[in-house]
Amino acid sequence: MSNGTARIPVTVAEVLEVNELIKRFRFVRTGGGHLPTFSGGSHVVVEMNDQGTRRLNPYSLMSDPADTSSYTISVRRDDMGRGGSLFMHRQVTPGMQMQIGPPVNLFPLDLRGRKHLMIAGGIGITPFMAMTAQLDARGERFELHYAARSRALGAYMDFLETRYGDRVHLYVDEEGQAIDLAGLLSRQPIGTHLYVCGPKPMLNWVLSTARKMGWPDGAVHSEEFLGAPVGKRFQVELAAAKKTITVEGNQSLLEAIEAAGVEAPYLCRGGACGQCETDVLHCDGHIEHNDHWLTAEQKASGTKIMTCVSRFEGKRLVVDR
Ligand code: FES
């Protein structure tokens, strides 16, 4: 479990502009040596000091897991976000010293699968860059279907096509190309595992189609990190720490708790893993949940909050932290 303390000092070895929205960053261990081993689907949390605000944003590792001499991530700029991606795009340059958390895998390959069918949308390609390298090195059977708005925005399309040939299928929205999902899912051999990563509408479409077609839950894997949304400033009472904190509009509750010097658990920082789940002791107002961890009943009950992505509007919120 991450609690904000485990850190690896790294140096930015390379920054590359992949396209108008995406930059790629390569990190090496400061002082030399290898970085911890990881498997395809892992992410790391990158720490940023953004004008006095400490941000910890998760990014999928996209480099080959067989090579731990460096880590590579890609960051899509989000002009409407809280500032983490803008910090990476505007402030991070080669030679800069940074800190990252150790790799965590919430989206691992199930290597019992007889075939691995991967579906990516946009920047959701990044975990598959590492997963395809891992599967290729093991001689496993896989197929990657990758959709992007335009060819220019399809980061890594050319690389993947060159490297994996007909195991890669590309779809460019503005050229009218679309995945024949029902056809694709219906012609997979028994024992195939399905993986999907991309924007929420794509995720919902793939998961609901697979469910309707009778794919077993255990053979379907997905990942979507939600960025903590911006919103109105609000106050929260931390009962155990006996502190009242203010969560700024461009800050997550988790970031505000950390800024107050209170230790709080996390893994994904994106509403997906459940690690930051916290009991609500008193709520006079409305919790904007934003996560996809709590059940609809838990959300309606107002007794739990995921500190990494949820916000509050109302008179008083007291949490067990
Ligand atoms: S840290 Fe994963 S859900 Fe909040």
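What follows is calculated from the coordinates using simple rules that are stated; it is not laboratory data. Since we're looking at a predicted model, the values are computed, not measured. Every residue, glycine among them, receives a Cβ derived from its backbone with ideal geometry; neighbour counts consider all protein chains shown.
To two decimal places, what compactness ratio does segment 136-216 give when its Cα radius of gyration is scaled by 2.2 N^0.38 Å?
On the way: Rg = 13.4 Å, N = 81, 2.2 N^0.38 = 11.7 Å.
Normalised by 2.2 N^0.38 Å, the Cα Rg of segment 136-216 equals 1.15.
Cα convex hull, segment 234-319: 80 Å³ per residue, rounded to a whole number. Ordered by the count of other Cβ atoms within 10 Å of each Cβ, fewest first, His145, His43, His282 give His282, His145, His43. Ranked for footprinting exposure by Cβ neighbours inside 10 Å, fewest first, Thr37, Thr192, Thr132 give Thr37, Thr192, Thr132.
Loop by DSSP (not H, G, I, E, B), at most 14 other beta-carbon atoms within 10 Å: where is the longest site-free stretch of the chain for GluC sites (Glu not before Pro)? With GluC sites (Glu not before Pro) excluded where exposed in loops, the chain gives 21-262 as its longest stretch. Each residue of the chain gets 138 Å³ once the volume of the Cα convex hull is shared out per residue.
Taking every DSSP helix (H) stretch of at least 4 residues in the chain, weighting each as -39,500 (n - 2.57) and dividing the sum by the residue count yields a mean residue ellipticity at 222 nm of -5500 deg cm²/dmol. Cβ crowding within 10 Å ranks Lys315, Lys23 as Lys315, Lys23, fewest other Cβ atoms first.
Using a Gaussian network model of the chain in which every pair of alpha carbons under 10 angstrom is joined by a spring, one finds that among Val45, Val309, Val262 the greatest mean-square fluctuation is at Val262.
Evaluate the charge dipole of segment 175-308 about its Cα centre and quote only its size in Debye, nearest 20, assuming +1 on the Cβ of each Lys and Arg and -1 on the Cβ of each Asp and Glu.
Approximately 200 debye in magnitude.
For segment 16-49 versus segment 176-234, the spacing of their alpha-carbon centroids is 25 Å.
Here each label is just a point 7 Å from Cα along the line to Cβ, and for Asp64 and Lys243 those points are 4.5 nm apart. Computed on segment 8-105, the Cα convex hull volume stands at 93 Å³ per residue. Projecting the Cα atoms of Tyr71, Leu35, Gly121 onto the dipole axis of the chain, where Lys and Arg carry +1 and Asp and Glu carry -1 at the beta carbon, places Leu35 farthest toward the positive end. May I ask for the net charge around Leu35, where only other residues with Cβ less than 10 Å from the Cβ of Leu35 are counted and Lys, Arg are +1 while Asp, Glu are -1? That works out to 0.
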